[in-house]
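Shown next, in structure tokens, is the structure this report addresses.
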């Protein structure tokens with residue numbers, strides 16, 4: 001059972017008493033070679049009301065999973081706290097379904113532990129949570145007041161946050177795609193055609209070499225590449241690649257620094273993933289020992 005799985009009915013035995021309540025899976029682990037599973041369950045507030053002693057007895061085993069703010073990046077949770085005298089705005093540092101730790105810039109306002117505050121949580125322009133919370137703890141540094149909040153009514157919908165994060169990522173990817181298309185349109189048609197032709201040639205060469213590598217592995221008799229094949233690759237294919245690079249160089253030779261950067265980026269985005277398929281090219285580019293001609297390359 002995955003963490004977060006809701007349990008419609010749990011029966012808890014406390015001595016001679018039985019309590020029925022709903023719950024949620026906090027963790028699950030396999031024991032005894034998979035014959036059994038140990039499951040941690042967090043109970044709802046109903047059980048706390050029925051048997052506070054039992055909840056305290058089991059509570060240290062049932063800690064809710066907490067998430068750092070970085071785990072939902074690029075989404076950011078802005079939290080507005082209000083009570084009868086204050087309105088504070090901060091950013092969630094970490095959170096779980098049951099509460100937040102909120103970083104608030106230091107100001108003249110004070111927050112008192114155990115105070116009840118109304119909260120509004122926004123992800124971008126969208127409100128993802130409203131409700132009440134109890135201030136569990138307050139700590140301060142030289143610039144920030146860190147306020148721990150326990151939600152008292154509505155729990156935070158983590159699935160909704162994950163969906164919101166995914167929407168933000170997809171929107172940024174769509175924006176990047178449009179920007180890339182606009183960038184490509186600003187390049188000369190002849191340059192783009194040369195890059196497209198060279199990329200097509202490299203893709204076909206990769207497919208051919210993958211086939212040859214497979215034959216070398218699967219067929220013992222085919223253990224050495226024929227000289228005729230190597231000669232064709234060296235004379236025809238490498239010659240064609242060099243001719244394309246020469247044509248590309250002639251197209252960008254007269255460009256200014258800013259235009260040259262744009263053209264170089266398009267060249268790298270289109271061709272580097274294919275060029276890095278070559279172990280030698282990849283090693284000279286990445287320089288794992290700090291320089292291109294290391295002793296491994298020489299060997």
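The values are calculated or read from the model by the stated rules, or taken from the named source; none is laboratory data. All values reported here derive from a predicted model rather than from experimental measurement. No Cβ is skipped: glycine too gets one built from the backbone with ideal geometry, and neighbour counts run over all protein chains shown.
Working carefully through the options 177, 156, find the one that is outside any helix (DSSP H, G or I) and either free of Cβ contacts under 8 Å to residues at least 24 places away in the same chain or surrounded by 10 or more Cβ atoms within 10 Å (Cβ to Cβ) (or both).
Exactly one of 177, 156 is outside any helix (DSSP H, G or I) and either free of Cβ contacts under 8 Å to residues at least 24 places away in the same chain or surrounded by 10 or more Cβ atoms within 10 Å (Cβ to Cβ) (or both), namely 156.
Restricting the stretch 181-195 to residues that are outside any loop (DSSP other than H, G, I, E, B) and either touching a residue at least 12 places away in the same chain (Cβ under 8 Å) or in contact with a strand residue (DSSP E or B) (Cβ under 9 Å, 6 or more places away or on another chain) (or both) leaves a set whose member that is nearest to residue 94 (Cα to Cα) is 183.
Restricted to the stretch 99-112, and to residues there that are surrounded by fewer than 17 Cβ atoms within 10 Å (Cβ to Cβ) and touching a strand residue (DSSP E or B) at 6+ places or on another chain (Cβ under 8 Å), the residue that is nearest to residue 136 (Cα to Cα) is 112.
Per the conditions (1) touching a residue at least 24 places away in the same chain (Cβ under 8 Å); (2) surrounded by fewer than 11 Cβ atoms within 10 Å (Cβ to Cβ), the sole criterion not satisfied by residue 165 is (2). Of everything in the stretch 113-136 that is part of a loop (DSSP other than H, G, I, E, B), in contact (Cβ under 8 Å) with a residue 24 or more places away in the chain and in contact with a strand residue (DSSP E or B) (Cβ under 8 Å, 6 or more places away or on another chain), the residue that is surrounded by the most Cβ atoms within 10 Å (Cβ to Cβ) is 115. Regarding residue 102, is this residue within 25 Å of the chain's Cα centre (by Cα), closer than 16 Å to residue 77 by Cα and either in a strand (DSSP E or B) or modelled with pLDDT under 90 (or both)? So residue 102 fits the description; yes.
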